[in-house]
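Below is one structure; the comments refer to it alone.
The values are calculated or read from the model by the stated rules, or taken from the named source; none is laboratory data. Computed from a predicted model, the values in this text were never measured in an experiment. For neighbour counting, all protein chains shown are included, and Cβ atoms are generated from backbone atoms with ideal geometry for every residue, glycine included. What goes into the accessible areas is simple: the full protein's heavy atoms, side chains included, and nothing from ligands, DNA or RNA. Shrake-Rupley method; radii C 1.70, N 1.55, O 1.52, S 1.80 Å.
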Amino acid sequence: SNEDTAGREVREETGLELGKLRLIGVYSGADHLCSAPNGDEWYVVNAAYAVESFTGEARVNDDESLALGWFLPEDVPETLVRSHKEILRDYLKMRNSECGVRN
């Protein structure tokens, strides 16, 4: 399942075991076209999840990551890729609507 895959990837890359996952959304389509310097193009499909609990000690655990860090939403680096900014925005909307906060 997508949830099993997400949990496995997080475990492999960070050493963290995730609690129950909740789907934020699936992101794909024309707005998610990427291109490489050599001209190759591909579409990215992201299935984004929120998790309320995890166990383990966070660490960079593979050759795919350079660093691992925690940020408050207002402190997320400007260099965050556009698609991840969209996911964060949707997560905050979801969280705020569940808490009765108006945007």
Exercise for the section: Run the accessible area of the chain with a 1.4 Å probe and give the carbon-and-sulfur part as a rounded percent. Expected result: 50
Practice task
Using only the Cα atoms of the chain, each taken as one equal point scatterer with no solvent, compute I(q) by the Debye sum, divide by I(0), and report log10 of the ratio at q = 0.18, 0.20, 0.22, 0.23 Å⁻¹.
Solution key: -1.14, -1.36, -1.50, -1.52
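Taking only C-alpha pairs under 8 Å that are 6+ residues apart, what is the relative contact order of the chain in percent?
27
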Handout entry: For the range 17-70, accessible area per residue (1.4 Å probe, heavy atoms of protein chains only), Å²
Key = 78
Practice task
Using a 10 angstrom cutoff on alpha carbons, build the Gaussian network for the chain and name the most mobile of 62, 40, 31.
Solution key: 40
Exercise for the section: Mind ranking 64-70, 4-10 by how tightly packed they are, going by the mean number of other C-beta atoms within 10 angstrom, highest first? Expected result: 4-10, 64-70
